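The block underneath contains the structure these notes are about, expressed in structure tokens.
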Amino acid sequence: MEIGKTKTEFEEKVIAKALKDEVFRQKLLADPKGCIEAEFGITIPETFSINVVEEKEGEVCIVLPSLESQQGELSETEMESVAGGWSGYDCYGTGCADCGGTN
């Protein structure tokens, strides 16, 4: 499965799958990196982390982008770092799993 070429595409695909597939959702919450690697057939560098939290009723998760990030776009270096066009991000932006897809 293609994971997308931008952070936004990546997040949308992961969130859409998590909303439809409870087994995937639970694996994603327990081991985000391993789950994404297995599901999308990619290797995420050891130096990279992925954080996933499930927003609860009555809770709002606000994820601040890093000052260096370009919202929804990957740098050339990031684009080249992982085969398939994806170069992961920490959850810090638009509609990520940290926010329950509500951004």
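Values quoted throughout were computed directly from the atomic coordinates according to the rules given, and no laboratory measurement underlies them. Owing to the predicted nature of the structure, the values given are computational and were not obtained by experimental measurement. When we count neighbours, we look across all protein chains shown, and the Cβ atoms used for this are built from the backbone with ideal geometry, even at glycine.
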Study note, to complete from the structure: Here, GluC sites (Glu not before Pro) of the stretch 29-61 satisfying both criteria (DSSP loop; at most 12 other Cβ within 10 Å) are Glu46, Glu57, Glu59
Revision key, fill the gap. Under the Karplus relation with 6.51, -1.76 and 1.60 and θ = phi - 60°, whole-Hz ³J(HN,Hα) for the stretch 49-63, x at Gly and Pro, equal 10, 10, 10, 10, 10, 9, 5, 9, 4, x, 10, 10, 9, 10, 10
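By counting other Cβ atoms within 10 Å of each Cβ, how are Val52, Val14 ranked from fewest to most?
Val52, Val14
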Check your understanding: Which whole-Hz ³J(HN,Hα) couplings does the stretch 33-41 yield from phi under the Karplus relation 6.51 cos²θ - 1.76 cosθ + 1.60, θ = phi - 60°, glycine and proline marked x?
Key -> 5, x, 5, 5, 4, 5, 5, 9, x
